[in-house]
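These notes concern the structure reproduced below.
The values are calculated or read from the model by the stated rules, or taken from the named source; none is laboratory data. Just so we're clear, the structure is a prediction, and the values are computed from it rather than from any experiment. Cβ placement follows ideal geometry from the backbone for every residue including glycine, while neighbour counts extend to all protein chains displayed. Only protein heavy atoms, including side chains, enter the accessible area calculation; ligands, DNA and RNA are left aside. Shrake-Rupley method; radii C 1.70, N 1.55, O 1.52, S 1.80 Å.
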Amino acid sequence: MQVRQLLFAGMIMTSAANLWAFERSHPATDAYDGWRLAVQAWSFNRFSFDEALDKAAELGLGWIEAYPGQRLSPEQSDLKFDHHLAQVERDKVKAKLNALGIQIISYGVVGLPGDEAECRKVFAFARDFGIDCVNAEPSEQDLDMIEALCREYQVKLGIHNHPDPSHYWNPDTVLAACQGRSAWIGACCDTGHWVRSGLDPVECLRKLEGRISSLHFKEIDSTAKPMHDVVWGTHQNRATSLLKELQRQGFQGTFSIEYEHNWDNNLPEIAGCVAYFDRICRRLASATGSTGWQPLLTSDLSNADFKPNSWTYDNVTLTRQGEGDIWTKQAYGNFILDMQYQVQEGTNSGVFLRAGDHNWLPWVEIQIQDDYGKAADRHSVGGLYDIIAPRVNAVKPAGQWNRQTITANGPFITVVLNGQTVVDLNLNDWTTAHKNPDGSDNKFDIAYKDLPRSGCIGLQDHGYPVAFRHLRIKEL
């Protein structure tokens, strides 16, 4: 079922360098198919890489670009996250990435010297993590050797531009370096550095059409002294024109948010960039007839049924206040539902699927509960209530955010909690009312094979505190 889910989520990638990504159980939830929104960990260079991953999860992002030399964690500040990191520490990072549903998609800006042995360390590291693109500013005389490594390791090179007077500040120089080379060699376009160099970033993108591997995407206030990053879509608002140009080109690749301002507390501003990107991308995608990932709930909750004041929503976090469940007005049949949720001590809640009538039972209920450290049974977190126990109790302690992905496709239901597949079942195996396939009893007066295959989605108010964020859905 895991492979089936990955296919549904559109995550199967063609490059052999991304084989490690197949292990990921949570889907990427990008608003525009083929456009991957990442955050460059350099935005959080006052923090460790471990903390940067938590911040990426808080933003609801599935991708991150790492840079060499960031402290590994608050507890291991003497270790650096880069291509010299020992395998035992790499494996710990991979476990956290898997639990959060985040992949390192790019690595840079990293030095690529003329020493092939040293360059191999970078490319081997990239392949180990399933990294798609290494971003660097190598000497043009070394590009033959680097291109051969790109082919061998199946990892792209993005030639990055720092501002004038760096060697690649002008896109004409990057284009000349790429001339006559394979698609493994392209440009990592830093749109903010072009502004700092006095260039028009839209015109720079036009020059590099067909050679763009990835972007360090920025909105720069060029009237500020000194110039600095601002929330995308504000001030001179170059971002909208840049996105339209990339759509015209048919660009497919990664946008890394590299926010180089307000270093100690820039998460709210980066969240503003994410919100802008998602909003514009959905508008651009709808013009092409694409749907992709959508927010389950609108910002004003106008697409939901609930009692007044029973839930609050700040456009990121949905919080129970009491007085009843909240339901989508729209019915969903086959879909992937991705979310994060937080429980408190003693919390009991759930996610309801395919309900034809909010007042009629049964429907599929995925249990949400404060079960950390407890043995799993048919009433445990991640399982289908009274129907099947989760394979493992994967919930985090109360107060921490959990990520859950639910796939419903015909009779198949899959639940992935914090990177582990906890439920994978076929409703058609439940052929008799009050009976589970293993012979145990359940309380339901209907055989689960006869449940509706389409209906509303609900979040339960069971009288306990619970909060949800980054609720996204993709219809299959």
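Has region 344-355 got any residue that is of a type in the set (D, E, K, R) and modelled with pLDDT under 95? Scanning region 344-355 turns up no residue that is of a type in the set (D, E, K, R) and modelled with pLDDT under 95.
Selection of region 182-208 for residues being of a type in the set (D, E, K, R) and open to solvent by 50 Å² or more (accessible area, probe 1.4 Å) yields R196, D200, E203, R206, K207.
A187 meets the stated requirement of being in contact with a Pro (Cβ under 9 Å, 6 or more places away or on another chain) and not polar (S, T, N, Q). Look at (1) free of Cβ contacts under 8 Å to residues at least 60 places away in the same chain; (2) of a type in the set (S, T, N, Q); (3) over 29 Å from L427 (Cα atoms) and you find that N303 fails only one, number (3). Condition check: of a type in the set (V, I, T), under 17 Å from S25 (Cβ atoms) and under 27 Å from the mean Cα position of the chain (by Cα). Does V466 satisfy that? The answer is no for V466. For S256, the test of being closer than 28 Å to V134 by Cβ, touching a residue at least 60 places away in the same chain (Cβ under 8 Å) and of a type in the set (G, A, S) is passed.
Can you pull out the residues in region 178-226 that are of a type in the set (A, V, I, L, M) and under 21 Å from F277 (Cβ atoms)? Matches in region 178-226: A187, V195, V202, L205, L208, I212, L215, I220. E137 falls short on exactly one of the conditions (1) touching a residue at least 60 places away in the same chain (Cβ under 8 Å); (2) open to solvent by 40 Å² or more (accessible area, probe 1.4 Å); (3) closer than 14 Å to S213 by Cβ; (4) not polar (S, T, N, Q), and that condition is (1).
On inspection, A148 does not qualify as open to solvent by less than 20 Å² (accessible area, probe 1.4 Å), modelled with pLDDT of 95 or more and of a type in the set (G, A, S).
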